[in-house]
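Below you'll find the structure, written out as structure tokens, and then a few comments.
The values are calculated or read from the model by the stated rules, or taken from the named source; none is laboratory data. Predicted model, so just to flag it, every value in this text is computed and none were measured. Neighbour counts are summed over all protein chains in view; Cβ atoms, including those assigned to glycine, are modelled from backbone coordinates with ideal geometry.
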Amino acid sequence: MFFPLRFVSNHPIYRVHEIPETFLYKAIDATTFGNHLVPSWFRNAFDHSETLQNKMKAVFEKLQKHDRQFRIDFHLAFLSDNNVKELCDNKSLSPTLKQSCFKPVHDSLHTLMTHLYKPTLTTKGLSDAVGGVDVFDHYEKFIEENSSSYVCPFCGLNYYRDPENGRKEAYDHWLCQKNYPASAVNFKNLVPMCPECNESPNKGQVDVLYEDSECTKRRRVLYPYNHSHGVAIKIDCVKHPGISLPRGEWKVEVTAMDSAEEFQIDTWKTVFNIEDRLANYVARQQRKWYMYFLVDRDLALSGASPEDMRTRLEEEVRKLEFKLAAHLEEGGFIKAAFFAYCLLHADDTVLFALAKVAESHLIHTRAKMARSVAT
């Protein structure tokens, strides 16, 4: 991640996780099914949801086919699988509900937890039960808590949706819901994420705890709400942009600022396809970036010398470093790295090629605007 997120503390919506936790605990010794198995504050909403009752009853009946020790172990496994931070930090820990002994109940639990996440989590019944707040209220609090971060920290490329416009990001299950149903409504496992990051071929339903699809090789992974020291970005131009290849070809390397976080950063890069996405983003955006740079610095079509160009590049890098410190701009991390490359590593040939492609783009843009005005 480019920067860690801050967790919203003590939000009423977190009580939704008490529902399955209380149910599984009380089911250890219960002999009959009913609303006495759910928290008292949720019983009215439970009584008005036949679908939820049926899904919960299916789990109860499966548990009743096993002895009391099995029900205790199942409840403890549920609790263990909700230690999300610990599972991310310590690869010697293994999720327990995935064990074959729990398979007879696991599928029914998955169905129940999926229903608790959607639609129960967004229903008026739950909102009323927790004091009139909902997930959108939590998202507003999340944005307030992370008010210095305007962009998605998983890619640095896209803005978070603004709740003032009545919109919110979808919540990603950091431990994917497919494999870890126990934490489906645990907000320590739920994190707002931009759509591009949240979907395949990026994170999607990837199991972040394992290197392989068979889930046999554990790995360490960054926990989104942990403190981290950030990353360094290095850009290299593989093929210079030109009229025949206006995007050029770029390589991006991302490394951990703290070597102790190297393995977690490597997992993040793999899960989110970070280096390829950043390289493609540079290829798409560099003409526009450089065009605006030339215009802002009065260098467009002026035949500026390489010395003039580098002086203005120093000013641009300082400006971007200020914005970067406040996470103010989508694509800001990679844009700052691009201009740092231009200043520190690009030779005069590359700068000349970038300027020519940008100026060609500027001429084309102005001509397009002129035609639009004319019509």
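Scan the range 260-283 for residues that are over 21 Å from the mean Cα position of the chain (by Cα) and either at positive phi or at pLDDT 95 or above (or both) and the total you get is 1. For first residues located in the range 327-343 and at positive phi and assigned to a loop (DSSP other than H, G, I, E, B), partners that are crowded, with 22+ Cβ neighbours inside 10 Å and at pLDDT below 90 and lie 6+ apart or on another chain with Cβ distances below 8 Å do not occur. List the number of the failed condition for S9; all other conditions in (1) of a type outside the set (K, R); (2) over 28 Å from N146 (Cα atoms); (3) exposed (fewer than 15 other Cβ atoms within 10 Å of the Cβ) hold. Among (1) of a type outside the set (K, R); (2) over 28 Å from N146 (Cα atoms); (3) exposed (fewer than 15 other Cβ atoms within 10 Å of the Cβ), the lone unmet condition for S9 is (2).
When every residue of the range 101-113 is checked against the conditions, none turns out to be surrounded by 16 or more Cβ atoms within 10 Å (Cβ to Cβ), within 25 Å of the chain's Cα centre (by Cα) and of a type in the set (G, A, S). The residue of the range 1-18 that is modelled with the lowest pLDDT, among those that are aliphatic (A, V, I, L, M) and not in a helix (DSSP H, G or I), is M1. Taking the criterion of being touching a residue at least 60 places away in the same chain (Cβ under 8 Å) and of a type in the set (F, W, Y), the residues of the range 175-228 that qualify are Y180, F187, Y223, Y225.
If you go through the range 39-97 and pick out every residue that is closer than 29 Å to D207 by Cβ, part of a helix (DSSP H, G or I) and of a type in the set (G, A, S), you end up with 3. On inspection, Y117 passes the criterion of being among the hydroxyl-bearing types (S, T, Y), within 21 Å of the chain's Cα centre (by Cα) and at pLDDT 95 or above.
Applying the criterion of being more than 30 Å from the chain's Cα centre (by Cα) and aromatic (F, W, Y) to the residues of the range 13-47, the residue that is farthest from D134 (Cα to Cα) is F33.
Note on the range 232-254: residues that are within 21 Å of the chain's Cα centre (by Cα) and either more than 26 Å from L175 (Cβ to Cβ) or basic (K, R) (or both) total 4.
When the range 152-181 is filtered for residues that are surrounded by 21 or more Cβ atoms within 10 Å (Cβ to Cβ), out of contact with any helix residue (DSSP H, G or I) (no Cβ under 7 Å at 6 or more places or on another chain) and of a type in the set (A, V, I, L, M, F, W, C), nothing remains. State whether one or more residues within the range 128-151 are at pLDDT below 95, in contact with a strand residue (DSSP E or B) (Cβ under 9 Å, 6 or more places away or on another chain) and crowded, with 21+ Cβ neighbours inside 10 Å. Yes, the conditions are met somewhere in the range 128-151.
Taken together, K118, K103, K57 contain a single residue that is under 25 Å from Y171 (Cβ atoms) and basic (K, R), which is K118.
Considered as a group, the residues in the range 220-259 that are assigned to a strand (DSSP E or B) and of a type in the set (K, R) include one that is modelled with the lowest pLDDT, and that residue is K239. Set side by side, the residues E86, E50, E61 differ, and just one is under 29 Å from the mean Cα position of the chain (by Cα) and either surrounded by fewer than 20 Cβ atoms within 10 Å (Cβ to Cβ) or in contact (Cβ under 8 Å) with a residue 24 or more places away in the chain (or both), which is E86.
Does E196 count as assigned to a helix (DSSP H, G or I), surrounded by fewer than 21 Cβ atoms within 10 Å (Cβ to Cβ), at pLDDT 95 or above and under 13 Å from the mean Cα position of the chain (by Cα)? Yes: the conditions hold for E196.
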